[in-house]
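Undergrad: My questions all concern the structure below.
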Amino acid sequence: MSPYKLVFGKACHLPVELEHKAYWAIKRLNLDFDAAGEKRLLQLNELEEFRSQSYENARLYKEKTKQWLFPGKLKSRWSGPFKIAQIYPFGAVELEDEKAGRKFKVNGQRIKHYFVGEVDRQQEAMPLHDG
């Protein structure tokens, strides 16, 4: 008795065994191998088309559901230059939107520098010598 049969209670059939049994059944029933092969390819193509359509339908469903459930929640609240109004302890920062005049607190680690105009960056090369 195999370990597979001890665990699952039935014999383990490998795909090669199943394929051999299928060919044996076709041969015994005197069916045409070519016609059976074409039918199998047609079934596989239909299955692939069905899977592709279901994937597309799931994608469309997710997009529509996301728009319906989260109309403005996932939209970024802040983009653009802001002025730092106040810095609080433990890294909290209050930003002020000068155009809209609103203030809100954010984590200070999320803030990036905003440079107006061109940024002058210098490149310097330092040759390394083996010593």
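The values are calculated or read from the model by the stated rules, or taken from the named source; none is laboratory data. Quick caveat, the model's predicted, so the values are computed rather than measured. Using ideal geometry, Cβ is built from the backbone for each residue, glycine included, and neighbour counts are taken over all protein chains shown. Protein only, heavy atoms only, side chains kept; ligands, DNA and RNA dropped before computing areas. Shrake-Rupley method; radii C 1.70, N 1.55, O 1.52, S 1.80 Å.
Undergrad: Where in the range 97-112 is the amide nitrogen less than 15 Å from a point lying 7 Å along the Cα-to-Cβ axis of ALA85?
TA: Only 97-107 fall inside the zone, counting backbone N under 15 Å.
Undergrad: How high is the FRET efficiency from LYS99 to LEU69, r the C-beta distance, R0 30 Å, rounded to 0.05?
TA: My answer for the efficiency is 0.50.
Undergrad: Let me ask something additional. Beyond a 20 Å Cα-Cα separation, which of these cross-linked pairs lie in this structure: LYS62/LYS105; LYS66/LYS99; LYS83/LYS112?
TA: LYS62/LYS105; LYS66/LYS99
Undergrad: Please give the solvent-accessible surface of ASP34 in Å², to the nearest 10, using a probe radius of 1.4 Å with every protein chain present.
TA: Roll a 1.4 Å probe over it and ASP34 shows about 110 Å².
Undergrad: Please compute the length gained on full extension between ALA58 and ALA35, using 0.36 nm multiplied by the number of residues separating them and subtracting their Cα-Cα distance.
TA: Once the chain is fully extended between ALA58 and ALA35, it gains 4.8 nm.
Undergrad: Hey, another quick one. Can you give the accessible area of SER79, probe radius 1.4 Å, in Å² rounded to 10?
TA: 100 Å²
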